[in-house]
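Below is one structure, written out as structure tokens, with a few remarks after it.
The values are calculated or read from the model by the stated rules, or taken from the named source; none is laboratory data. The shown structure was predicted, so the numbers you read here are calculated from the model rather than taken from an experiment. All Cβ positions, even for glycine, are placed from backbone atoms using ideal geometry, and neighbour counts span all protein chains on display. SASA here: full protein model, heavy atoms, side chains in, ligands and nucleic acids out. Shrake-Rupley method; radii C 1.70, N 1.55, O 1.52, S 1.80 Å.
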Amino acid sequence: MCEQPMARAGLEQVVQDCPGVALCASVPSVEDLETARPLEDNQVTIIDLPQVPYRPALEIIAKLAVSGPPLVSSSWDQPPTLLAAIRAGARGLITRYSDHRSVTQTLLTVADGGVGVSPELADRFLAEVSRPAEVDDSGLAPREVETLRWIALGFTHTQIATRMGLSPATVNTYAKRIRAKLNVSNKAELTRVAIELGHLAQGQRRYPAR
């Protein structure tokens, strides 16, 4: 699955050259994949991840993972991280700059039931695995995570600025970045996402704005 015709043609050729693997369909989107043919269990779906925010990207991976192991291709210069993609259900990770050999090896690993990471992503993957657990994998910077927690707890931007030692304008900038990265539009959605990401316990007390 790839939106760009030339890139999709390249992936088609890799699959056709891959021993023991058959090309079932080649489409530009998830919707086209669903109408092209019924999804069969345990088939590998190669996804060239579109340039969408963190949450929609993971939703695409999770949706396709229901039918079989997805192999995800991306530039990986924006969220989600490699670990986030695997947690969503990806079983193979390649970059759009991976060569024919790398893609073939990763595809065969996934088709054989394993988890494959192309050599180009190996160092990055090991760095993500090795980093401290408190580092967020949704693409939020540490100060953005802190801002998200305060917003989810019910504090106003002015109150957050005081607590973080920032100007209200900086907090407003952080809030805009958070909403864009997480693809949410209001405080209720931010609170829900903060809980989902583990930044706010489900029963944690919200403070009234004063």
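How many residues does segment 161-191 contain that are hydrophobic (A, V, I, L, M, F, W, C) and over 28 Å from the mean Cα position of the chain (by Cα)?
4
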**Report entry** Cβ-Cβ under 7 Å pairs, at least 6 apart or on other chains, segment 172-192 side without any contact (Cβ under 8 Å) to a residue 12 or more places away in the chain, far side surrounded by fewer than 16 Cβ atoms within 10 Å (Cβ to Cβ)
**Finding:** ARG179/SER185
Query - Contacts under 6 angstrom Cβ, first residue in segment 47-60 being surrounded by 20 or more Cβ atoms within 10 Å (Cβ to Cβ) and among the aliphatic types (A, V, I, L, M), partner assigned to a loop (DSSP other than H, G, I, E, B) and at pLDDT 85 or above, 6 or more apart - result: ALA57/LEU49
**Report entry** Selected residue (criterion: farthest from GLU59 (Cα to Cα)) from residues of segment 174-199 that are among the aliphatic types (A, V, I, L, M) and open to solvent by 40 Å² or more (accessible area, probe 1.4 Å)
**Finding:** ALA188
Report summary line: Just one listed residue, out of VAL145, VAL115, VAL171, is surrounded by fewer than 20 Cβ atoms within 10 Å (Cβ to Cβ), of a type in the set (A, V, I, L, M, F, W, C) and more than 30 Å from ARG8 (Cβ to Cβ), and it is VAL145
Query raised in the report: Wholly within segment 116-210, which helices (runs of 4 or more DSSP H) include no fewer than the required count, namely at least 2 residues that are under 30 Å from THR104 (Cα atoms) and at pLDDT below 85?
Result: 122-130
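Of ARG96, ARG87, ARG101, which residue is in contact with a strand residue (DSSP E or B) (Cβ under 7 Å, 6 or more places away or on another chain) and open to solvent by 70 Å² or more (accessible area, probe 1.4 Å)?
On the way: ARG87 fails: in contact with a strand residue (DSSP E or B) (Cβ under 7 Å, 6 or more places away or on another chain); ARG101 fails: in contact with a strand residue (DSSP E or B) (Cβ under 7 Å, 6 or more places away or on another chain).
Only one candidate passes the filter, namely ARG96.
Here is a yes/no grid of residues against (1) part of a helix (DSSP H, G or I); (2) under 26 Å from LEU140 (Cβ atoms):
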| residue | (1), (2) |
| --- | --- |
| PRO28 | no, no |
| LEU33 | yes, no |
| VAL52 | no, yes |
| GLU59 | yes, yes |
| SER98 | no, no |
| GLY113 | no, no |
